[in-house]
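The block underneath contains the structure these notes are about, expressed in structure tokens.
Every read-out reported here was derived from the displayed coordinates using simple, explicitly stated rules and does not represent laboratory data. Remember, it's a predicted structure, so these values are computed and weren't measured experimentally. Cβ atoms come from the backbone with ideal geometry, glycine included; neighbour counts cover every protein chain shown.
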Ligand SMILES: CC(C)(COP(=O)(O)OP(=O)(O)OC[C@H]1O[C@@H](n2cnc3c(N)ncnc32)[C@H](O)[C@@H]1OP(=O)(O)O)[C@@H](O)C(=O)NCCC(=O)NCCS
């Protein structure tokens, strides 16, 4: 059964300093910027066997996530810690998977405008916890999250896990020739 927080709604709201300080305590730092607060995703927590899946950013073991992405992943090899921090801070939705001692064993994040577009990325389950449905549970918890479930177009890129995502309705691009990509190197060359 899903457990949702009472606080939801992805709106930007003007806050007093007292409100902002309270939000830092309740939600964690990073949401308050200037006179506005970036509201976090509704908190979703569900279980998969003895594992907890949670969208709570405060639970994340960012050092572990950085170690995995920079050292073990094929898509983010060498990504520095500051980039990982920033990517998590600015991702609307994160989902962590945790063992029964609270240790992080999996992760996924979604970047989205909450209306027309979403990008699912940095999905992983540590090797010793793979093959027992945790990756599927993690992806399901993200795409079924009530804040993003109706986003009209959702994308991802994968080298070999197409079968995992196909279970949730992801399909190959019908016309890849319509798509373009602007790499950091291409942008830097134009500066
Ligand atoms: C991909 C990954 C997250 C799947 O996690 P998991 O906990 O093993 O996934 P599940 O146990 O839920 O298995 C989901 C299904 O996807 C399949 N699958 C998992 N990883 C796969 C891969 N790399 N290639 C092809 N199929 C894969 C499984 O065989 C399974 O199929 P089934 O439901 O028909 O049995 C995990 O293997 C992983 O972290 N891999 C390394 C990082 C990675 O490749 N991430 C994805 C980047 S897009």
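Table for the structure above
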{"item": "For peptides 66-72, 135-141, 168-174, sequence by mean Cβ density within 10 Å, most packed first", "result": "135-141, 66-72, 168-174"}
{"item": "Distance between modelled label sites at residue 82 and residue 129, nm, 7 Å Cα→Cβ extension", "result": "3.0"}
{"item": "Alpha carbon centroid spacing (whole Å) that separates the range 143-191 from the range 44-83", "result": "19"}
{"item": "Two-site label geometry, residue 101 and residue 179: point separation in nm, points 7 Å out along Cα→Cβ", "result": "4.0"}
{"item": "Per-residue Cβ neighbour rank within 10 angstrom, fewest leading, 52, 164, 120", "result": "164, 52, 120"}
{"item": "Residues 74, 165, sorted so that the one with the fewest Cβ neighbours within 10 Å comes first", "result": "74, 165"}
{"item": "Taking only Cα atoms of the range 82-191, radius of gyration then Dmax in Å", "result": "15.4, 50"}
{"item": "Cβ-based exposure ranking for 57, 101, in which fewest neighbours within 10 Å come first", "result": "101, 57"}
